[in-house]
Amino acid sequence: KRRSKFRVVFVLGGPGSGKGTMCARIVDRYGWVHLSAGDLLRAERKDPKSKDGELINEYIREGMIVPVEITLGLLKRAMEASGSTDFLVDGFPRNLDNLEGWETNMSDVAVPAVLYLETTEAVMQDRILKRANETKLAGGATRSDDNVDSIKKRFRTYINDTMPIIDKYKTDGIVHVVDSTPNPDIVFATVCNLFDTLQP
Ligand code: UP5
Ligand code: MG
């Protein structure tokens, strides 16, 4: 059987569950390339040449999932530009549209595992609001969706649209559940159990 050119681990979990934080640590230790779908969308939104900026803005503020054509285009471009073969895709796929778009267009990419960071809504909300506060105190611009109103909508989308995708991957038997409630050192130690098995 021909080996796939690319390897992808999806990193999923609710808003503020710690996806970005764990991905940064995985990059440091294992050298996988981190692609956050949310970060790619936020960068695209800022690009004055992009025709999708307005739409992305609106979707993110409302906690809705951007149509897959846009997200997949950004992911593909970043994968090809990176020169790497191993990717952490953070925060994607988040709904059925995302999943179908991936399966139709990326069927030659191997997905050996899904890392699922699990914690409570209370913990996630505290983390997001703390981040917003710290950013503000540092004089930075807070994320347009890091407010109580948008957070509620993000949680609703997560439960209604993203949980079924995680359940689907559970049925496939590739989900590694990690409790992301403890401090980052402890969470990362558990995450390493997965990545140690995925080398090189
Ligand atoms: N923190 C992290 N881990 C901690 C720990 N163990 N203990 C204590 N504190 C911890 O962490 C959040 C905060 O918590 C940070 O301050 C961190 O220091 C601290 P982070 O690692 O940033 O968590 P993460 O899960 O990445 O949170 P994020 O807010 O990025 O999650 P979302 O899923 O909400 O955001 P994302 O950028 O993925 O998506 C945003 C929006 O983009 C979506 O709502 C949607 O509108 C859109 N989108 C799409 O439409 N399609 C996509 O495919 C992806 C996104
Ligand atoms: Mg993130």
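The values are calculated or read from the model by the stated rules, or taken from the named source; none is laboratory data. The structure presented is a predicted model; accordingly, all values stated were derived computationally and were not measured. We place every Cβ from the backbone using ideal geometry, glycine too, and count neighbours over all the protein chains shown.
Couple of notes before you dig in:
- Residues located in segment 44-65, provided they are under 18 Å from the mean Cα position of the chain (by Cα) and farther than 17 Å from Lys19 by Cβ: Glu44, Arg45, Ile56, Asn57, Tyr59, Arg61, Glu62, Met64
- The single condition among (1) crowded, with 16+ Cβ neighbours inside 10 Å; (2) assigned to a loop (DSSP other than H, G, I, E, B) that Lys5 does not satisfy is (1).
Let's see how each residue does on (1) closer than 23 Å to Ser150 by Cβ; (2) within 15 Å of ligand 2 (Cβ to nearest atom):
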{"position": "Ser4", "(1), (2)": "no, no"}
{"position": "Asp28", "(1), (2)": "no, no"}
{"position": "Gly31", "(1), (2)": "no, no"}
{"position": "Ala43", "(1), (2)": "yes, yes"}
{"position": "Pro48", "(1), (2)": "no, no"}
{"position": "Val68", "(1), (2)": "yes, no"}
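- The set of residues in segment 169-180 being assigned to a loop (DSSP other than H, G, I, E, B) and under 17 Å from the mean Cα position of the chain (by Cα) consists of Ile174, Ser180.
- Within segment 17-46, residues that are more than 14 Å from Gly73 (Cα to Cα) and more than 6 Å from ligand 1 (Cβ to nearest atom) have Cβ atoms under 7 Å from residues that are at pLDDT 95 or above and among the aromatic types (Phe, Trp, Tyr) in these pairs: Met22/Phe188; Arg25/Phe188; Ile26/Trp32; Ile26/Phe195; Tyr30/Phe195; Trp32/Phe87; Val33/Phe87, counting only partners at least 6 apart in sequence or on another chain.
- Selected residue (only one of Ala113, Ala189 is of a type outside the set (Ser, Thr, Tyr) and either surrounded by 16 or more Cβ atoms within 10 Å (Cβ to Cβ) or at pLDDT below 95 (or both)): Ala113
- Note on segment 96-122: residues that are among the small types (Gly, Ala, Ser), in contact (Cβ under 8 Å) with a residue 12 or more places away in the chain and farther than 21 Å from Thr190 by Cα amount to 2.
- Near pairs, Cβ below 8 angstrom, 6+ apart or cross-chain, from segment 67-93 (under 18 Å from Asp161 (Cα atoms)) to any residue that is near ligand 1 (Cβ under 9 Å from one of its atoms) and of a type in the set (Ser, Thr, Tyr): Asp90/Ser36; Gly91/Ser36; Phe92/Thr71
- Within segment 87-110, the residues that satisfy the criterion of being more than 15 Å from the chain's Cα centre (by Cα), surrounded by 13 or more Cβ atoms within 10 Å (Cβ to Cβ) and of a type outside the set (A, V, I, L, M) are Asp97, Gly101, Asn105.
- Hey, Ile65 out of contact with any Gly (no Cβ under 8 Å at 6 or more places or on another chain), crowded, with 18+ Cβ neighbours inside 10 Å and farther than 17 Å from Val9 by Cβ or not: yes
Condition check ((1) part of a loop (DSSP other than H, G, I, E, B); (2) of a type outside the set (A, V, I, L, M); (3) more than 24 Å from Leu99 (Cα to Cα)) across all residues:
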residue: Leu129; (1), (2), (3): no, no, yes
residue: Ala132; (1), (2), (3): no, no, yes
residue: Ala141; (1), (2), (3): yes, no, yes
residue: Ser150; (1), (2), (3): no, yes, no
residue: Asp167; (1), (2), (3): no, yes, no
residue: Pro182; (1), (2), (3): yes, yes, yes
residue: Asn193; (1), (2), (3): no, yes, yes
residue: Asp196; (1), (2), (3): no, yes, yes
